[in-house]
Amino acid sequence: MPRITVLPHPDCVPSGASIEAASGTSICNALLENDIDIEHACGKVGACTTCHVIVREGFPSLAQASDNEEDMLDRAWGVEHLSRLSCQAIVAEADLTVEIPRYSLNHAKENAWTS
């Protein structure tokens, strides 16, 4: 079973993590199933950018992003050439290393504007 290594993120996974993921599942679902609380404001349908990840290792094993995903990624904060929407990126057979960007464009995030 492929492994996903998640690089440390101060809010979601401060120490980083290494999880197993079934081939055919999305990166987003694999993270959520392993108690890594990645944002997914649109309900995992590829209509926002809150689940944006950067695939640092294993990127070539993922199927090519759809035009819709590419259009959404154009709106993501901190997008790179290795960026994917984790709800649309399906785990194949290769191990992956992913980075969850520090910020997202989730304007509805609770406590975003606290004093």
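The values are calculated or read from the model by the stated rules, or taken from the named source; none is laboratory data. What you see is a predicted model; the values in this text were computed from it and never measured. A quick note on method: Cβ atoms are made from the backbone with ideal geometry, for glycine too, and the neighbour counts reach across all protein chains shown. Accessible surface is based on the protein model in full, side chains and every heavy atom, while ligands, DNA and RNA are left aside. Shrake-Rupley method; radii C 1.70, N 1.55, O 1.52, S 1.80 Å.
Rundown of residues vs (1) out of contact with any strand residue (DSSP E or B) (no Cβ under 8 Å at 6 or more places or on another chain); (2) open to solvent by less than 60 Å² (accessible area, probe 1.4 Å); (3) at negative phi, yes/no style:
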site: ILE27; (1), (2), (3): no, yes, yes
site: ASP35; (1), (2), (3): yes, no, no
site: GLY46; (1), (2), (3): no, yes, no
site: VAL53; (1), (2), (3): no, yes, yes
site: GLN64; (1), (2), (3): yes, no, yes
site: GLU69; (1), (2), (3): no, yes, yes
site: MET72; (1), (2), (3): no, yes, yes
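When you scan the range 25-36, do you find a residue that is in a strand (DSSP E or B) and closer than 18 Å to ALA76 by Cβ, even just one? Yes, the range 25-36 contains at least one residue that is in a strand (DSSP E or B) and closer than 18 Å to ALA76 by Cβ.
Checking each residue in the range 14-24 for being open to solvent by 20 Å² or more (accessible area, probe 1.4 Å) and either among the aromatic types (Phe, Trp, Tyr) or part of a strand (DSSP E or B) (or both) picks out ALA17, SER18, GLU20. Look at ASP11 and say whether it is over 20 Å from TYR103 (Cβ atoms) and open to solvent by 50 Å² or more (accessible area, probe 1.4 Å). No, not satisfied. Just one of the listed residues (GLY24, GLY43) is touching a residue at least 60 places away in the same chain (Cβ under 8 Å) and farther than 17 Å from ILE100 by Cβ, and it is GLY24.
Selection of first residues in the range 46-59 that are farther than 11 Å from SER86 by Cα and of second residues that are basic (Lys, Arg) and surrounded by 22 or more Cβ atoms within 10 Å (Cβ to Cβ), restricted to Cβ pairs under 9 Å at least 6 apart or on distinct chains, gives the following pairs, ordered by first then second residue: PHE59/ARG84. Restricting attention to the range 74-107, the residues that are open to solvent by 40 Å² or more (accessible area, probe 1.4 Å), at pLDDT 95 or above and of a type in the set (Val, Ile, Thr) total 1.
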